[in-house]
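Down below is the structure, laid out as structure tokens.
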Amino acid sequence: MFRNYFKTAWRNLWKNSFFSLLNIFGLAVGIAACIMIMLFVFYEKSFDARHTKNIYRLDEVQKFEGMVAPQKVALSMYPMAPTLKQDFPEVKSYVRLNSWNNIELVNEGKKHNVPKLMFADSNFFNFFDFRLTKGDKLQVLDKPNSVVLSEDLAKRIYGTADPIGQTVSFYGNDTILFKVTGLMANVPGNSHLQFDGVFSFSTISNPRNMENWGGNWLTTYLELAPGANIAAMEKKFPAYLKSHMSGDGWKFYELFLQKLSDIHAGSMDITHDYHNFLKFDKRYTYIFSIIGILVLVIACINFMNLATAKSAGRAREVGVRKSIGAGRFQLAIQFIGESILVCLLALVLAIIFVKLCLPFVRNLSERDLQFPLFSNPVMLLIILSGTLITGLVAGIYPSIYLSSFKPAKVLKGSVQSGKAKSFFRNALVVTQFTASVFLIIATVFAVRQLNFMQEKDPGFSRDQVVLLRLNNKTNPRYNAIKEALLTHPGVLAVSGSQQRLGNNLHQTGVTYHGGKGAREMATSQNVVDPDYLRLYKIRIIAGRDFSNDYDSENGKGYIINESLAEELLKDEPKGSKPQVLIGKRFGFGGMDSVGRIIGVAKNFNFNSLHHKIETLCMISQKDWGYSEISVRLDSKNAVKAMDDVKKVWAGLVPDFPIDYKFLDDHFAELYKADKQVSEVVAILASLAIVISCLGLFGLASFSAEKRVKEIGIRKVLGASVNSIVNMLSVDFVKLVIISNLIAWPIAWFALNKWLNDFAYRVEINWLVFVLAGLASLIIAVLTVCFQAIKASLANPVKSLKMD
């Protein structure tokens, strides 16, 4: 029996090869999209899954006076971990981390640049399940000046020699030698912690740090007892802070716990998150999943539409089978089996699509996505099960409909049509195009928001600005480097700073002496060179810029932004302008006795446009050093200017290779996740439209085929090509218009909610909805018209002779 079903199904597919190809191709695209999304979702869910302990990260909410809004940070204080273990029985153990980026390690005079190193507590490898290939995980970091290197880094430094017992030092500090006590396997890509080596934390820790409440420079992880009540612990944190912090300092902090598995995809609202590789918003993962399923549903709708549309061709077959004793259940099984066969054929084609497209998807997502179909039984089972379910869902309505034919009627040539069938088919078409129009609108706004963030004037000029990294060894050469660079005509300006624009700047406590007396608050801060504002073309709206007379102004003059000015004006008479702040005593770290506000700068977005502009003060202080040099190049000859920069660096700092980055590239990285989202949504929207058009193309073909004699008679009676095209197109146009009317309010609601996550956003413009509707209408009309014109141009003599 099943063999007979298979043969019948295969013959039917072959007989209707055109419609079969449409179905198989559409389903293959839908299944391939779902598989790609599944690979991405599985990879995202796999982050940090290797760790077996019940681990949470300790985070803070800082809510200092003067801040625009409370700020979540992935930082904590040195004394917190040991005191939490002492005060909370739920805390079994802890690990504290401090990362160092782009470090030069030296062995036997050879320097090796290392992207990221960490200092960690001695139990790091017992706490986390990173695999050691050599060394005892309980002892490798037990002593000061111990280091565990990754296998790749050890090979780079020591070649084929055994690194255990060898020494290494930081460049410029050869007096402290670190002994290699262990080797670890390279950190996998699906770990939010990425590092090339781990140094013993006892090397840099000091017992006096236990009194350093308020200094946030660590990332702390806690191992909690199984079943620990997180909500109950967090309720006790205010009392814990009050008991350990002096004065009212505890009021400016809140603590909360974040489960290890939630860190990678659940930290978009957390700043100073220095240990979070490929940080991503889990909400986008859910959105991708929904859209992927939507694409597959559209493909299933194609199948149902085409199967029911071709019902007349199967009517006599059903009548004959029923007349010789076939039951309705048997027929339903047969048609569902045909649906599953189509899905299995589509699966084969989908696997080919996935294999071909996977390199592109890897490059787009920057994730090492793999498709081990036959080596991973779980994945194979999921894909096969999903395909069978898809076949069942797609075939269930056609099977019910086709098996319901009455043999007495269909054998006489009468096939059930009725309004119910047409209504259901039309509803499916409307569903298809509603989803497609929604995705078109979503894509347009995702791209517009991304372009808005990349192109909006941030309040400073970042074009042709290159950043040169400095460290404690290159800092003393800053003035010489600056002077040498300015001798080249291609270098327009040079300045230095401790922090980079485009980052969440560090906060500090300040004191302002205004009309209501001394007031303490917190603000973002940056230590800059006197030429900083001129290089970045940041406008002064009150007072003046920094002076190059370091001796008279060094560490005494502060320039604040408008946000901080607005905050300080609360202490002045109502209606006061920023100008009244000029000359007022202001400063941090006890420097308010000599410090004065000398200028107010117009607000500029020193962070990404995901965040509102925070309060900011800048100070020009020559003795504190800078972390990088900003160099503005002449755009007319930027290549030569960059060559000159490299030559200056090589001549003045020959021991350190130049490490540079263009500021535009840095800002592009800030919006990388947004760019990935907009590209993925655009790709899925395109697939949805293509599949919908395939279905519409098939239905238009069937409609033209069904009405071939009617078209022939109309042509004989003098009907024009235009009138016939209009006749065949009008019903489909109505369905697309209805789809737009349904999609628009849904899209408006979803987009409004999504855009609320951005501090600076595009407005929802109704014109985009209209244009998306017109685009969908044009696509649908072109798809239908192709078949309509073909039918209208056919010879009526041939069509009227057809049986």
### Query
Can you give the extra length, in nm with one decimal, that the chain gains between residue 627 and residue 666 once fully stretched, where that is 0.36 nm per residue apart less the Cα-Cα distance?
12.5 nm
### Residues of segment 499-534 with amide N under 20 Å of the 7 Å Cα→Cβ point at residue 593
509-514, 517-521
### Summary
Of the residues 557, 527, 542, the Cα lying farthest along the dipole of segment 524-566 towards its positive end, which is defined by charges on the beta carbon of Lys, Arg, Asp and Glu, belongs to 542
### Task
List every residue whose amide H lies under 5 Å from the amide H of residue 217, counting only residues 5 or more places away in sequence or on a different chain, with H placed 1.01 Å from N in the peptide plane.
76, 78
### Query
Going by alpha carbons, how many degrees (0 to 90, nearest 10) lie between the helix axis of 311-323 and the longest principal axis of the chain?
60
### Query
How far, in degrees from 0 to 90, does helix 282-309 lean away from the longest principal axis of the Cα atoms of the chain, to the nearest 10?
10
### Message
Please list, ordered by chain and number, the residues whose modelled amide H lies under 5 Å from the amide H of residue 561; skip anything fewer than 5 residues away on the same chain.
### Response
601, 616
### Volume per residue of the C-alpha convex hull in the chain, rounded to whole Å³
229
### Stretch gain in nm, segment residue 396-residue 171, where the contour uses 0.36 nm per residue and the Cα spacing is subtracted
74.0 nm
### Message
Can you tell me the orientation of helix 721-755 relative to the chain, as the angle in degrees between its alpha-carbon axis and the longest Cα principal axis, to the nearest 10?
### Response
30
### Of 137/259; 640/661; 251/584; 92/137, pairs whose Cα-Cα distance is over 25 Å
251/584
### Task
Taking the Cα centre of the chain as origin, work out the dipole magnitude from +1 charges on Lys and Arg Cβ and -1 charges on Asp and Glu Cβ, in debye rounded to 20.
4460
### Query
Residue by residue, what Karplus-based ³J(HN,Hα) values in Hz, rounded to whole numbers, does segment 632-642 have, using 6.51, -1.76 and 1.60 with θ = phi - 60° and x for Gly and Pro?
8, 9, 6, 5, 6, 9, 5, 5, 5, 4, 5
### Solvent-accessible ranking of 431, 508, 487, largest area first, probe 1.4 Å
487, 431, 508
### Message
Let me check something: with ligands and nucleic acids excluded, how do 125, 277, 423 order by accessible area (1.4 Å probe), largest to smallest?
### Response
423, 277, 125
### Task
Please find the FRET efficiency linking residue 447 to residue 638, where r is the Cβ-Cβ separation and R0 is fixed at 35 Å, and quote it to the nearest 0.05.
0.80
### Task
Go through segment 478-485 residue by residue and turn each phi into a ³J(HN,Hα) via Karplus (6.51, -1.76, 1.60, θ = phi - 60°); whole Hz please, and just put x for glycine and proline.
4, 4, 5, 5, 4, 4, 5, 5
### Nearest-20 debye value, segment 116-220 charge dipole, Cβ charges on Lys, Arg, Asp, Glu
80
### Query
Ignoring ligands, DNA and RNA, what percent of the 1.4 Å accessible area of the chain is carbon and sulfur?
59
### Message
Let me check something: with ligands and nucleic acids excluded, how do 108, 763 order by accessible area (1.4 Å probe), largest to smallest?
### Response
108, 763
### Task
Considering the options 740, 95, 73, tell which one lies farthest towards the positive end of the dipole of the chain, charges being +1 on Lys and Arg and -1 on Asp and Glu at the Cβ, about the Cα centre.
740
### Message
If I take every Cα pair under 8 Å that is 6 or more residues apart in the chain, average their sequence separation and divide by the length, what percent do I get for the relative contact order?
### Response
15
#### Entry: Per residue, in Å², the accessible surface of the chain once ligands and nucleic acids are set aside, probe 1.4 Å
46
## Note on the structure
Here the FRET efficiency for residue 566 versus residue 382, based on Cβ atoms and R0 = 56 Å and rounded to 0.05, is 0.50
### Message
How far apart, in nanometres, would the label points at residue 650 and residue 108 be if each is projected 7 angstrom from Cα along the Cα-to-Cβ direction?
### Response
2.7
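The values are calculated or read from the model by the stated rules, or taken from the named source; none is laboratory data. These numbers were taken from a predicted model, which means no experiment stands behind them. Cβ coordinates were reconstructed from backbone atoms using ideal geometry, including for glycine residues, and neighbour counts include every protein chain displayed. SASA here: full protein model, heavy atoms, side chains in, ligands and nucleic acids out. Shrake-Rupley method; radii C 1.70, N 1.55, O 1.52, S 1.80 Å.
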